Amino acid sequence: MKISVYVFCLSVLFCTSAFATLATIDAAYVGIDAGGKQGIILNGSNITGANGVMAMDTQNPAGELAELLGDHVWGYCYELGQYASTNFSTFDVELLEDAIASDKAGLIRQLWELHYDDSWEADTLIFTDQFVSGEPADTTENQEALAFSFAIYEIIYDYDGNMNHLDLGGGDLQSSIANTIPPQAAGIAQSWLNGLVDPGLYTGPLAKLVSLKNDSKQDVIVEIPEPATMSILVLGSLALLRKRRV
């Protein structure tokens, strides 16, 4: 019971005004740790490229939320219209539910909690500006890391409140198996999507995620490191105390 109460409080405090002030951080793309070659059809147009869990260097955090991130983070891009850069650029740091529709954020936080694997963060890059020799290998790690990217894009581009529309075979965004290596990734992603619970009904734990947003660079989702959750709790508690004193 104590654990349940703690998790509940943490979830509530994570969404308080403790992080209402603008936060920024400078970030630069390093490479892809695990993933593969992803084939996507978006509104009838074929998009092919390397994707998976991205390693990024960060510096100059400003604001409480940005300061919870380390100087080397891993994340997933969630827009297909722009590209990552190896040069440092300044990103706004927001709670994911402030950056995108809250129901989509809830689904991605649920997906992350259930299926994200820290072992993907091995700093053994399979792609920088091109695939490393022998990659993308048909390993479980690469299959699942690439599947995670498929699932995020499907939620971003096709979820409209109807869970049945989370279908990589139809809608605005579809998987292109012929252009995907490892090809199993799309099937794994669909199985994960099928297992998600409507965000209005889900009562389980959710990952603590932030968005790194830049108007001219690919936006990225990053998880708040686990040791920082106590900082989140303290900051949230201070925000509530300030409210009570007013």
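The values are calculated or read from the model by the stated rules, or taken from the named source; none is laboratory data. Owing to the predicted nature of the structure, the values given are computational and were not obtained by experimental measurement. Every residue, glycine among them, receives a Cβ derived from its backbone with ideal geometry; neighbour counts consider all protein chains shown.
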Check: If you go through the range 136-161, how many residues are in contact (Cβ under 8 Å) with a residue 24 or more places away in the chain, out of contact with any Ser or Thr (no Cβ under 8 Å at 6 or more places or on another chain) and charged (D, E, K, R)?
Finding: 3
Notebook entry, point to check: Here is a list of conditions, (1) surrounded by 15 or more Cβ atoms within 10 Å (Cβ to Cβ); (2) in contact (Cβ under 8 Å) with a residue 60 or more places away in the chain, and Ala101 meets all of them except one; can you say which number that is?
Noted result: (2)
Next item on the list: Report yes if Leu125 is closer than 24 Å to Asp215 by Cα, at pLDDT 95 or above and not acidic (Asp, Glu), otherwise no.
Entry: no
Notebook entry, point to check: Of the residues that make up the range 119-131, is at least one more than 16 Å from the chain's Cα centre (by Cα), part of a strand (DSSP E or B) and closer than 19 Å to Ala185 by Cα?
Noted result: yes
Check: Can you name the residue in the range 79-98 that is of a type in the set (A, V, I, L, M) and in a loop (DSSP other than H, G, I, E, B) and is also surrounded by the most Cβ atoms within 10 Å (Cβ to Cβ) among such residues?
Finding: Ala84
Next item on the list: Restrict the check to the range 13-32 and report whether at least one residue is under 23 Å from Arg109 (Cα atoms), of a type in the set (Phe, Trp, Tyr) and modelled with pLDDT under 95.
Entry: yes
Note to self: Yes or no: the range 48-59 includes at least one residue that is of a type in the set (D, E, K, R), assigned to a strand (DSSP E or B), in contact with a strand residue (DSSP E or B) (Cβ under 7 Å, 6 or more places away or on another chain) and at pLDDT 95 or above.
What the structure shows: yes
Check: Does Glu135 meet the test of being under 15 Å from Gln38 (Cα atoms) and part of a loop (DSSP other than H, G, I, E, B)?
Finding: yes
Notebook entry, point to check: What do you reckon, is Val222 modelled with pLDDT of 95 or more and within 30 Å of Thr86 (Cα to Cα)?
Noted result: yes
